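Asks: After the structure tokens below, expect a handful of questions from me.
The values are calculated or read from the model by the stated rules, or taken from the named source; none is laboratory data. Computed from a predicted structure; not experimentally measured. Cβ placement follows ideal geometry from the backbone for every residue including glycine, while neighbour counts extend to all protein chains displayed.
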Amino acid sequence: MLLKSILFVGDHAQKYFELGSSNENCKGQLLTYQRENIITGEKAKLVFNQKDYPFAGAYSLLGLCKEIVLIKEAWKGNCDILIGDPTELLFQAYVTKLVEASELNVLPIVFFLYPVGMNSLDTRREISALILKMKLKNMLTYVVRNPMDTFVEVMNEVNQLASFTSITQLESSIENLDYLFGHDAEILI
């Protein structure tokens, strides 16, 4: 069985981290941003696999991109599957760094967690820009609608895959999993 490395990025993805990394065939990793706490005086930080990294930049796409590269293990793209909410700045910054990384031969398969709440309406332009970047790199991308129910089913199926070239079999077998783009990605060739 192929060991799969899955990177969960952002607060929304953190809710699914335990569900997606509980199988012995998967190595789950988690990258989140923790805001500063003015009551306790704790500074903002990035957290990768429970290790804190001080965050000195501005909480913006550019600021997060600059800080992510300082966490070498997190942004190198050493994951087979990337999971996150496209409305979150941290996820957008991570994907931006991935598509800019020239040393990557194969990009991860991306599962968008369906955005929750009104936040998604406010970030349509940013999501469009993110999707354009991903399309230009042919990143195989899916949307997981109704995430809580569908996510468990997706992870069970991913854990059973013998290779990533068979990931397209999931498209027709799982309800609420929608293909977006990227069938001509290198991983499928």
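Asks: Please count how many residues of the range 50-88 are in contact (Cβ under 8 Å) with a residue 40 or more places away in the chain and closer than 17 Å to Arg125 by Cα.
Replies: Final tally of qualifying residues: 5.
Asks: Every residue in the range 1-38 that is modelled with pLDDT of 90 or more, at negative phi and part of a loop (DSSP other than H, G, I, E, B), please.
Replies: Once the filter is applied, which keeps residues that are modelled with pLDDT of 90 or more, at negative phi and part of a loop (DSSP other than H, G, I, E, B), the range 1-38 yields Arg35, Glu36.
Asks: Looking at Asn156, Asn138, which is the one that is in a helix (DSSP H, G or I) and modelled with pLDDT of 75 or more?
Replies: Testing whether each residue is in a helix (DSSP H, G or I) and modelled with pLDDT of 75 or more leaves just Asn156.
Asks: Keeping to the range 26-48, report how many residues are out of contact with any Ser or Thr (no Cβ under 8 Å at 6 or more places or on another chain) and more than 18 Å from Leu98 (Cβ to Cβ).
Replies: Residues that pass the stated criteria total 12.
Asks: Same structure again: I'm trying to understand the selection: among the residues of the range 77-131, which are acidic (Asp, Glu) and modelled with pLDDT of 75 or more?
Replies: Asp80, Asp85, Glu88, Glu100, Glu126
Asks: Looking only at residues in the range 159-188 that are in a loop (DSSP other than H, G, I, E, B) and at pLDDT 80 or above, which one is surrounded by the most Cβ atoms within 10 Å (Cβ to Cβ)?
Replies: By that ranking, first place goes to Gly182.
Asks: Let me ask something else. What number goes with the only condition from (1) among the β-branched types (Val, Ile, Thr); (2) closer than 30 Å to Ala56 by Cβ; (3) in contact with a helix residue (DSSP H, G or I) (Cβ under 9 Å, 6 or more places away or on another chain); (4) modelled with pLDDT under 85 that Ile71 does not pass?
Replies: All conditions are met except number (3).
Asks: Right, here's the next one. List the residue pairs whose Cβ atoms are under 9 Å apart, where the first residue sits in the range 26-39 and is of a type in the set (Ser, Thr, Tyr), the second is assigned to a loop (DSSP other than H, G, I, E, B), and the two are 6 or more positions apart or on different chains.
Replies: That search, which allows pairs on different chains as well, returns Thr32/Gly10; Tyr33/Gly10; Tyr33/Ala44; Tyr33/Phe55; Tyr33/Tyr59; Tyr33/Glu88.
Asks: Further question: Tell me, yes or no, whether the range 39-46 has at least one residue that is out of contact with any Lys or Arg (no Cβ under 7 Å at 6 or more places or on another chain), crowded, with 16+ Cβ neighbours inside 10 Å and either modelled with pLDDT of 90 or more or in a loop (DSSP other than H, G, I, E, B) (or both).
Replies: The answer is yes; a qualifying residue exists.
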